[in-house]
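Each remark here refers to the structure printed beneath this line.
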Amino acid sequence: MKPPHSHRPGGSGKGPSDRGPGQGPRPGGGQRQGGGPGASHGGGQRGQDQRGFAPRPPGGGPRPGGASPQAAQPSGHHQPGRVYHSDGPAPERTGKPLQARPRQDGQQDRGFRGPRPDRGEERQVEPNPRGTIWLYGQHAVAAALKNPARRLRRLILTEEAEASLAEKLPKPWSMVPERMDRAAMDRLLGRDAVHQGVALLADPLAPPQLATTLERPGPILVLDQVTDPRNIGAILRCAAAFGVAGVITQDRNAPEETGGMAKAAAGALEIIPLIRAVNISRTLIALKAAGFWVVGLDASGTPLSGPAMADRRIALVLGAEGDGMRRLTRETCDVVVGLTMPGLKPGAVVDSLNVAAAAAVALYELGRRA
């Protein structure tokens, strides 16, 4: 007998009963009130349950004239909402940790990464972790090792570079170095990095405050959208040579501290404050309020004269190569000056200077007192 369904005449809207096998007659009496499909007529006891199976007799024996509900189901088929148990006993829980099976000869260990240390192979070096940079070059690394404000992570070098670094910075160093061959350093840092056999993994320097920087003697350099990190590094090197108090760049359009910048700075990155300003024009106004004379450098300006500005503290503004200073930056300057260079003429093969070279010439001229 098929179970009643809503699409059959007189059927119930409910699905088949979830009463498990062996439940026996319905509690409260073996008779169903009223007629209808699936009900026993004449008030007798039901011969089958709603799923078409005969009730299990007392004692738990097999149902008469039919297979069990489990046998009626196809293999691998489960009814939703039912709980099925294995015929076998549950495995005993010993509480001991699982032991890995020993690896057979010739079987690949899938969990292994990198070379095996017991085979004497070269230890793999991961790229710089997030939030760190690789500084490379003899001068850049020596200056970083001497800088107490720099947080150091790892020092790697070749055997030849160790002796050269010891000449610039006598031992003991603040870190124990690791030996590495030049080919491995090329793979780690990239073939374009001129590392000179020494590299240092470190955290970037904390950004300095403008008010603290203005307490240092010397002029201030302001870079308006200079984006090349090597140019910024070369400008820092010039700033250290001419006694500049600090260098200001724009926060949004200036590169972060990199190994190439530190290499070009040749150690000046550790001693010259590099300030990142949100707005260059407002920063120039703040410099004016602090007593600086803001001088913009442009080829169209009047010739720069160091003796004429000897009694003033200068904030020198340099624009990006090609575009120069932006309009608002130029209008904020107190004066716009140029460099006297007779060999640089419009239409010539060389008609301008690199921004780092222009900064060096301008700083030299500002340093002249007579």
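The values are calculated or read from the model by the stated rules, or taken from the named source; none is laboratory data. Just so you know, these numbers come straight off a predicted model, no measurement behind them. Positions of Cβ are backbone-derived with ideal geometry, glycine not excepted, and every protein chain shown enters the neighbour counts. Accessible surface is based on the protein model in full, side chains and every heavy atom, while ligands, DNA and RNA are left aside. Shrake-Rupley method; radii C 1.70, N 1.55, O 1.52, S 1.80 Å.
Quick rundown of the values:
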read-out: Only listed residue being surrounded by 10 or more Cβ atoms within 10 Å (Cβ to Cβ) and modelled with pLDDT under 50, chosen from 150, 182, 116, 123; value: 123
read-out: Residues that are under 25 Å from residue 326 (Cβ atoms) and buried (at least 22 other Cβ atoms within 10 Å of the Cβ), drawn from the stretch 254-264; value: 261, 264
read-out: Complete set of residues in the stretch 293-323 that are open to solvent by less than 50 Å² (accessible area, probe 1.4 Å), touching a helix residue (DSSP H, G or I) at 6+ places or on another chain (Cβ under 8 Å) and not β-branched (Val, Ile, Thr); value: 296, 297, 298, 304, 305, 306, 309, 315, 316, 318, 319, 320
read-out: Close pairs (8 angstrom Cβ cut-off, 6 or more residues apart or separate chains): surrounded by fewer than 22 Cβ atoms within 10 Å (Cβ to Cβ) in the stretch 234-253, acidic (Asp, Glu) anywhere; value: 250/224
read-out: Filter result for residue 363 (assigned to a strand (DSSP E or B), at pLDDT 95 or above and in contact with a helix residue (DSSP H, G or I) (Cβ under 9 Å, 6 or more places away or on another chain)); value: no
read-out: Matching option when the condition is modelled with pLDDT under 95, closer than 21 Å to residue 330 by Cβ and among the hydroxyl-bearing types (Ser, Thr, Tyr), among 212, 227; value: 227
read-out: Selected residue (criterion: surrounded by the fewest Cβ atoms within 10 Å (Cβ to Cβ)) from residues of the stretch 189-231 that are touching a Pro at 6+ places or on another chain (Cβ under 7 Å) and outside any loop (DSSP other than H, G, I, E, B); value: 213
read-out: Only one of 221, 205, 201 that is modelled with pLDDT of 90 or more and touching a helix residue (DSSP H, G or I) at 6+ places or on another chain (Cβ under 7 Å); value: 221
read-out: Number of the condition not met by residue 177 [criteria: (1) open to solvent by less than 70 Å² (accessible area, probe 1.4 Å); (2) in contact (Cβ under 8 Å) with a residue 24 or more places away in the chain]; value: (2)
